[in-house]
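To keep things clear, I will list the structure first and then write my remarks on it.
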Amino acid sequence: MKNLIVILLLLLGLSPKAQQTELIENTWYLNELIVDGESCYPPSNEEIDSVTMKIYMEDNQYFFYSEVCSTLGGLLNWVTDSQFSFFDFAGGFDCQNPENQNFELLYAQFYGEGGSEGVPFDYVIDKSLENSLFLTVKNQYGDSAIYNNRNLSVQEIQNNKITIYPNPVVDKIVLSNFDSFENLKIEIFDLQGKLILKREENSGKREFDLSGLKSGVYIITVLNTANEKLISKKLIKK
């Protein structure tokens, strides 16, 4: 019962006020930028180690600060407990590497154009089963910036690209974006920790028929052939 309570607490989303507190208290590391449905990943080279974002308070005002090669930032306004906007936004372009220049421009446009005229950004913070936090910021065009509160390795970022959809699921679920792994093991548990389903799949896109699964909340876990956990997510079966 104790383990069940712990799992349920981890699955619960953070309240709006808690989200705002977490947003301010953490330094965020960019994992992925999604623009027009295309995923773009921050470069990792001699010029860029990581792309960070921080919201801080100074003289009773909140500021947004982020950096690729140069600083992007602005005076921040809380629209709601799950939205913020900019009073002002500015940034420079200091990258020398062409790949970095392209990414810096794309990132600046995400916030600069996406936040023009005080249009709010939506944000949500999710807690993983490993207790790390994921922040998703969405602009007015539906583009997204996804951050983690710790600096993930290249392999961990690759793991987080694995997609499970739809969720909630009615009959079939699809796993995709795991082409970098030769084989994967998929396990589905109920909230009491009982193994309900186990599969081993080759690379590519795979469908799973879950029509025989009872309605409820489950945990789906994806492992590699060394039994290392790649992802673990809540799965809702309608």
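The values are calculated or read from the model by the stated rules, or taken from the named source; none is laboratory data. Owing to the predicted nature of the structure, the values given are computational and were not obtained by experimental measurement. A quick note on method: Cβ atoms are made from the backbone with ideal geometry, for glycine too, and the neighbour counts reach across all protein chains shown.
Residues in the stretch 4-24: is at least one more than 30 Å from Y218 (Cα to Cα), at pLDDT 85 or above and surrounded by fewer than 18 Cβ atoms within 10 Å (Cβ to Cβ)? Looking for residues that are more than 30 Å from Y218 (Cα to Cα), at pLDDT 85 or above and surrounded by fewer than 18 Cβ atoms within 10 Å (Cβ to Cβ), one finds at least one in the stretch 4-24, hence yes. A count restricted to the stretch 182-204 and to residues that are modelled with pLDDT under 70 and either under 26 Å from L135 (Cα atoms) or in contact with a Phe, Trp or Tyr (Cβ under 7 Å, 6 or more places away or on another chain) (or both) stands at 1. Note on the stretch 25-62: among residues that are farther than 22 Å from Q101 by Cβ and among the acidic types (D, E), the one that is surrounded by the most Cβ atoms within 10 Å (Cβ to Cβ) is E25. Of the residues that sit in the stretch 213-233 and are within 17 Å of K194 (Cβ to Cβ) and polar (S, T, N, Q), which one is nearest to the chain's Cα centre (by Cα)? Only one residue tops the list, namely S232.
Selection of the stretch 95-133 for residues being modelled with pLDDT of 85 or more and within 15 Å of E22 (Cβ to Cβ) yields Y123, V124, I125.
Mind listing just one residue for me: the one in the stretch 147-178 that is at pLDDT 75 or above and hydroxyl-bearing (S, T, Y) and, of those, surrounded by the most Cβ atoms within 10 Å (Cβ to Cβ)? Residue satisfying both the conditions and the ranking: Y147.
Looking only at the stretch 70-81, which residues are crowded, with 18+ Cβ neighbours inside 10 Å and either at pLDDT 90 or above or of a type in the set (A, V, I, L, M, F, W, C) (or both)? Of everything in the stretch 70-81, those that are crowded, with 18+ Cβ neighbours inside 10 Å and either at pLDDT 90 or above or of a type in the set (A, V, I, L, M, F, W, C) (or both) turn out to be L72, L76. Check whether at least one residue in the stretch 123-145 is in contact with a Cys (Cβ under 7 Å, 6 or more places away or on another chain) and at negative phi, and report yes or no. The answer is no, given that none of the residues of the stretch 123-145 is in contact with a Cys (Cβ under 7 Å, 6 or more places away or on another chain) and at negative phi.
Kindly indicate whether D59 is acidic (D, E) and in contact (Cβ under 8 Å) with a residue 12 or more places away in the chain. The answer is no for D59.
Tell me whether the stretch 74-82 contains one or more residues that are touching a residue at least 60 places away in the same chain (Cβ under 8 Å), of a type in the set (D, E) and over 18 Å from D36 (Cα atoms). Looking through the stretch 74-82, at least one residue is touching a residue at least 60 places away in the same chain (Cβ under 8 Å), of a type in the set (D, E) and over 18 Å from D36 (Cα atoms).
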